[in-house]
Amino acid sequence: MNHWIDIAYMLSAGAFIFGIKQLSSPDTARRGNMLSASGMLLAIIVTLLNKGILDFQWIVVGVVAGTVIGALAARLVAMTSMPEMVALFNGSGGLASLLVAWEAHRRSPSPEVFQNATVLISVFIGALTFTGSLIAWGKLSGKLPGRPFLFPGQKPLNLVLILAVVGLTVAFCAGGGANLTFFHIVLGVALLLGVLTTIPIGGADMPVIIALLNSYSGLAACATGFVLRNNVLVVTGSLVGASGIILTQIMCKAMNRSLGNVLFSGFGSASTSKKQDKIEGEVKPISVEDTFILLEAARSVAVVPGYGMAVAQAQHAVHELGQILEANGAQVQYAIHPVAGRMPGHMNVLLAEANVPYEQLVEMEAINPVMETVDVCLIIGANDIVNPAAAEDPSSPIHGMPIIEAHKARTVIVMKRSMASGFAGIDNALFFRENSRMLFGDARQTLQGLVAEFKG
Amino acid sequence: METTLLIYLFFIFLLSAVLGFELISKVPSTLHTPLMSGSNAISGIAIVGALLAAGSGTDDTLSRWLGLIALIAATVNVVGGYLVTDRMLEMFKKKGDKR
């Protein structure tokens, strides 16, 4: 019987692998997700056939409660709130791994060093993922302030706590896993560390931390796999762990910063934003009517969305304007910066929700070489990712970050609520350019105003 | 036997991590959000352990609660993760696709 379970687990792992493979194209992605889900269903069914399961009452309660919560959350969440949703799901995965390892240690304690070490590693990563994700969720949903939270001695404190965890783990294993006080302290410290390592991360660095927490949740499952000696957990956990690490790297690269810098520098807080030279020149506001005249004459339009588009829920209005411009004979492209928004691919999902065909979404590397041929570049709620200072001003805190070179377009229209600076807390040199015009106001209302101009 | 099993587990850990790196680097940035929520749902595989924990029939009260909460958390992760990923992927349309 046990062999059959192992064979079924192998099939599940295969389904996950091919499911992820099919995610490499939007055409097959949905099928891939279904395949992956059926692999999960198979794993669950064969686990229920396991002889070790004696009591189904609690299983029914747990599965029903979890399904109701999960399904409701998945159906009701707004697409603009997707980053916080993913953070919460990450957290629940971490919590599950932590509790499974804890329960395994209670039910079948073992004096073996390796077994006890994996239990603690699993508990540690799971707890870190859990509280880290809760903090990330709080920041993303605006329930906690989004700016970095720093206090003196933060780094030494974290270091001391990590050393304490290492010391206690060694002591716990040396004592044959019998000393539960050590266990509880490690659990508490790990929960605390999840909070302490996430609060210094600022809003716009969230794509990195979400990807990293995703990786942690996989590694936690993997460690639990070692605790339970279960191959499907190990395979799957390491797949997800690797996936999160790759995404983390991509996000860091897109900001030209190391992971260490993202995690520890408190970027965007008042102390790190050095005073820079005042930018010479003045900004030139433009009215909706004049913008309409410019757009009507444009043959080529590039739209650069940012987090502000998500805040204003302007994605549908953006697409409506895009369609009108196309009907008017213009070529419309949507240029997406890898770290625009609050999670990897955030803008793509929002525009997909508004029915923008994915062929029209172009990556930074593809739009920059042709930016000079663009008549009007429309910037909607983006700031730092189009700041030419990143390329031109070595004293700028964001110097070296790859940007969408909007300033090279013939005309740049910046839609913005006010002159407030972006996440990095610096002035945007783009706004002061000769070819830039500022269109102030709520992005959605302004876009609707432009649509009305075209229709009227 | 025990050592053989562990070496075997480390072996598949190594291979799947390499496979993961290869697979994920081929996912286009357009699909990064569904990739995250989808891989997140996959990491809910801890549900396998949670089922064993919740169904152990133990008399230990704390163990029971740990198992139950683990199962709820893992089920939320799996069900919510897959459904929300499907909801997002459904929206990715080509030009000319009808809704």
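Looking at A:SER395 and the list (1) buried (at least 16 other Cβ atoms within 10 Å of the Cβ); (2) over 28 Å from the mean Cα position of the chain (by Cα), which single condition is not satisfied?
For A:SER395, the exception is condition (1).
Does at least one position in the stretch A:258-279 carry a residue that is surrounded by 22 or more Cβ atoms within 10 Å (Cβ to Cβ), part of a loop (DSSP other than H, G, I, E, B), modelled with pLDDT of 85 or more and not aliphatic (A, V, I, L, M)?
No, the conditions are met nowhere in the stretch A:258-279.
Determine whether the stretch A:331-338 contains at least one residue that is modelled with pLDDT under 90 and over 13 Å from A:ALA443 (Cβ atoms). Even if it seems obvious, please write down each step before you answer.
Step one: list which residues in the stretch A:331-338 are modelled with pLDDT under 90, which gives A:338.
Still in the list and also over 13 Å from A:ALA443 (Cβ atoms): A:338.
For the stretch A:331-338, residues modelled with pLDDT under 90 and over 13 Å from A:ALA443 (Cβ atoms): present.
Please give the number of the condition A:ARG147 fails out of (1) under 14 Å from the mean Cα position of the chain (by Cα); (2) not in a helix (DSSP H, G or I).
Result: A:ARG147 fails condition (1) only.
Scanning the stretch B:46-75 for residues that are free of Cβ contacts under 8 Å to residues at least 12 places away in the same chain and closer than 20 Å to A:VAL68 by Cα, which turns out farthest from the other protein chains (Cβ to nearest Cβ)?
Taking the candidates together, the pick is B:TRP65.
Would the stretch A:175-197 turn up any residue that is free of Cβ contacts under 8 Å to residues at least 24 places away in the same chain and at positive phi? So that I can check it myself, show each step before the final result.
Residues of the stretch A:175-197 that are free of Cβ contacts under 8 Å to residues at least 24 places away in the same chain, as a first pass: A:175, A:179-182, A:184-185, A:188.
Next cut, at positive phi only: none.
No, the conditions are met nowhere in the stretch A:175-197.
Looking at A:TRP102, is it assigned by TED's automatic domain parsing to the domain that holds A:ILE125, more than 28 Å from the chain's Cα centre (by Cα) and among the hydrophobic types (A, V, I, L, M, F, W, C)? Talk me through it step by step, then tell me what you get.
Details: assigned by TED's automatic domain parsing to the domain that holds A:ILE125: yes; more than 28 Å from the chain's Cα centre (by Cα): yes; among the hydrophobic types (A, V, I, L, M, F, W, C): yes.
Answer is yes for this residue.
Here's the yes/no breakdown for (1) assigned by TED's automatic domain parsing to the domain that holds A:ASN256; (2) in contact (Cβ under 8 Å) with a residue 60 or more places away in the chain; (3) in a helix (DSSP H, G or I):
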| residue | (1), (2), (3) |
| --- | --- |
| A:HIS319 | no, no, yes |
| A:ILE324 | no, yes, yes |
| A:TYR334 | no, no, no |
| A:PRO338 | no, yes, no |
| A:ALA366 | no, no, yes |
| A:GLY400 | no, yes, no |
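Answer yes or no as to whether A:PHE172 is in a loop (DSSP other than H, G, I, E, B) and over 25 Å from A:GLY66 (Cα atoms). Walk me through how you get there before you give the answer.
Working: in a loop (DSSP other than H, G, I, E, B): no; over 25 Å from A:GLY66 (Cα atoms): yes.
No: the conditions fail for A:PHE172.
Checking the conditions here, which among A:ASN368, A:ASN348, A:ASN328 is of a type outside the set (Val, Ile, Thr) and in contact with a helix residue (DSSP H, G or I) (Cβ under 6 Å, 6 or more places away or on another chain)? Show your work before the answer.
Numbers: A:ASN368 fails: in contact with a helix residue (DSSP H, G or I) (Cβ under 6 Å, 6 or more places away or on another chain); A:ASN328 fails: in contact with a helix residue (DSSP H, G or I) (Cβ under 6 Å, 6 or more places away or on another chain).
None of the other options fit; the residue is A:ASN348.
Being within 16 Å of B:THR75 (Cβ to Cβ), within 7 Å of chain B (Cβ to nearest Cβ), among the aromatic types (Phe, Trp, Tyr) and buried (at least 24 other Cβ atoms within 10 Å of the Cβ): is that true of A:PHE89 here? Let's see the steps before the verdict.
On the way: within 16 Å of B:THR75 (Cβ to Cβ): yes; within 7 Å of chain B (Cβ to nearest Cβ): yes; among the aromatic types (Phe, Trp, Tyr): yes; buried (at least 24 other Cβ atoms within 10 Å of the Cβ): yes.
Yes.
Let me spell it out: the conditions are (1) facing chain B (nearest Cβ under 7 Å); (2) under 23 Å from the mean Cα position of the chain (by Cα); (3) more than 20 Å from A:ARG229 (Cα to Cα), and A:GLU84 meets all of them except one. Which number is the exception?
(1)
Here are some residues: A:THR236, A:THR198, A:THR224. Which one is closer than 24 Å to A:TRP102 by Cβ, buried (at least 24 other Cβ atoms within 10 Å of the Cβ) and away from chain B (no Cβ under 14 Å)?
On the way: A:THR236 fails: away from chain B (no Cβ under 14 Å); A:THR224 fails: away from chain B (no Cβ under 14 Å).
Every option except A:THR198 fails the conditions.
Is the stretch A:404-416 home to any residue that is assigned to a loop (DSSP other than H, G, I, E, B), of a type outside the set (Ser, Thr, Tyr) and either more than 24 Å from A:LEU321 (Cβ to Cβ) or modelled with pLDDT under 90 (or both)? Don't jump to the end; show me each part of the working.
Here is the first cut: in the stretch A:404-416, the residues assigned to a loop (DSSP other than H, G, I, E, B) are A:404-405, A:409-410.
Still in the list and also of a type outside the set (Ser, Thr, Tyr): A:404-405, A:409-410.
Now narrow it down to the ones that are either more than 24 Å from A:LEU321 (Cβ to Cβ) or modelled with pLDDT under 90 (or both): none.
No: the stretch A:404-416 contains no residue that is assigned to a loop (DSSP other than H, G, I, E, B), of a type outside the set (Ser, Thr, Tyr) and either more than 24 Å from A:LEU321 (Cβ to Cβ) or modelled with pLDDT under 90 (or both).
Based on this model, can you work out whether A:ILE69 counts as in a helix (DSSP H, G or I), at the interface with another protein chain (Cβ under 7 Å from one of its Cβ atoms) and buried (at least 19 other Cβ atoms within 10 Å of the Cβ)? Even if it seems obvious, please write down each step before you answer.
Values: in a helix (DSSP H, G or I): yes; at the interface with another protein chain (Cβ under 7 Å from one of its Cβ atoms): yes; buried (at least 19 other Cβ atoms within 10 Å of the Cβ): no.
No.
Could you list, in sequence order, all residues of the stretch A:417-432 that are part of a loop (DSSP other than H, G, I, E, B) and buried (at least 18 other Cβ atoms within 10 Å of the Cβ)?
Step one: list which residues in the stretch A:417-432 are part of a loop (DSSP other than H, G, I, E, B), which gives A:417-428.
If the condition is that a residue be part of a loop (DSSP other than H, G, I, E, B) and buried (at least 18 other Cβ atoms within 10 Å of the Cβ), then A:GLY422, A:PHE423, A:ALA424, A:GLY425, A:ILE426, A:ASP427, A:ASN428 are the ones that fit.
If A:ASN355 meets every condition in (1) buried (at least 21 other Cβ atoms within 10 Å of the Cβ); (2) within 14 Å of another protein chain (Cβ to nearest Cβ); (3) on the phi > 0 side of the Ramachandran plot apart from one, which number is that one?
It fails just one condition, (1).
Among the residues of the stretch A:16-66, which ones are at the interface with chain B (Cβ under 8 Å from one of its Cβ atoms), in contact with a Ser or Thr (Cβ under 8 Å, 6 or more places away or on another chain) and free of Cβ contacts under 8 Å to residues at least 24 places away in the same chain?
A:GLY19, A:ASN33, A:GLY52, A:ILE53, A:LEU54, A:ASP55, A:GLY62, A:VAL63, A:ALA65, A:GLY66
The values are calculated or read from the model by the stated rules, or taken from the named source; none is laboratory data. Because the structure is a prediction, the values reported are computed rather than measured. Cβ coordinates were reconstructed from backbone atoms using ideal geometry, including for glycine residues, and neighbour counts include every protein chain displayed.
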